[in-house]
Amino acid sequence: KIAYGGRGSGKSWAFANMLLMRAAYKPMRILCSRELQNSIRDSVHTLLKDQIQNVGMQAHFVITDKEIRGRNGSLILFKGLRGMRNDASEIKSLEGIDICWIEEAQMISGASLETLLPTIRKPNAEIWLTMNPQMTHDPVYQMVLDPPDNALVRKVNWNDNPWFHETSLVAEKDYKRRVDPEGYRHIWE
């Protein structure tokens, strides 16, 4: 699953909520990743923690500094891809991943993709990618342009987000459109 597009679309929030709903429904092993993740602060840990609070799922999860555990046995892990690519033991620990969510997927290198894709091999496992495209030659954007046969690819932007009008991003978006139309199209569209 690839969700790509501009800022303010709600891609990350939507994927976080879908992931939490699935993890609460049945035991799963979930990897949340990005190319570089030097600490848990660089991950979607805070986003998931906040969404657990926002949707009232505190009874379903135990949040620690390094992972999120479902009371039903689900486990949500957080790791950077570059470190795993350089450490074979990190790859082996990924056995049995049901969902791998890669945030900021536009930053993923070709080498990281080549390491990750065959690693997530459990039957019916899924890889979810959220990204704001930067360059047409980025490896994940190439998957947007020529997706694998079983991929679900959706472009989503701020105008697809029904809650966008409630955010402080509206003024930022409108200002960018007025002073830098080309930059606006790249960032927001």
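The values are calculated or read from the model by the stated rules, or taken from the named source; none is laboratory data. Quick caveat: nothing in here was measured; it's all calculated off a predicted structure. Please note: Cβ atoms are built from the backbone with ideal geometry, for glycine as well, and neighbour counts cover all protein chains shown. Each accessible area value is taken on the protein alone, full model and side chains, heavy atoms only, with ligands, DNA and RNA left out. Shrake-Rupley method; radii C 1.70, N 1.55, O 1.52, S 1.80 Å.
Values computed for the structure shown
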item: Straight-distance crosslink candidates among aspartates and glutamates, where the alpha carbon sits under 12 Å from Lys11 and sequence neighbours closer than 8 are dropped; result: Glu103, Glu104, Asp160
item: Share of carbon and sulfur in the accessible heavy-atom surface of the chain [1.4 Å probe, %]; result: 51 percent
item: Identified option (computed Rg/Rh (Cα atoms, Kirkwood Rh); candidates [x] 1.05; [y] 0.97; [z] 1.11); result: [y]
item: Cut-off under 5 Å, modelled amide H: who pairs with Leu75 long-range; result: Met28, Arg29, Ile30, Gly70
item: Extension gain, Glu114 back to Lys1 (0.36 nm per residue minus Cα-Cα distance, nm); result: 39.0 nm
item: Magnitude of the charge dipole, the chain, Cβ model with Lys/Arg +1 and Asp/Glu -1, debye to 20; result: 440 debye
item: Per-residue HN-Hα couplings for the stretch 105-117 [Karplus 6.51, -1.76, 1.60; θ = phi - 60°; Hz; x = Gly/Pro]; result: 5, 5, 8, 6, 7, x, 5, 5, 4, 5, 7, 6, 3
item: Distance between the stretch 1-75 and the stretch 152-178 - C-alpha centres, whole angstrom; result: 22 Å
item: Mean Cα-pair separation over length for the chain, i.e. relative contact order, pairs under 8 Å, 6 or more apart, %; result: 32 percent
item: Rounded FRET efficiency, nearest 0.05, which uses the C-beta distance separating Met21 from Arg177 and R0 of 35 Å; result: 0.50
item: Contour excess over end-to-end distance, with Cα ends at Thr167 and Arg121 and 0.36 nm allotted per residue; result: 12.7 nm
item: Helix axis angle, 45-54 relative to the chain longest principal axis, alpha carbon, degrees; result: 80 degrees
item: Residue pairs, from the table Lys1/Lys173; Lys1/Lys155; Lys26/Lys79; Lys49/Lys122, whose Cα atoms sit over 18 Å apart; result: Lys1/Lys173; Lys26/Lys79; Lys49/Lys122
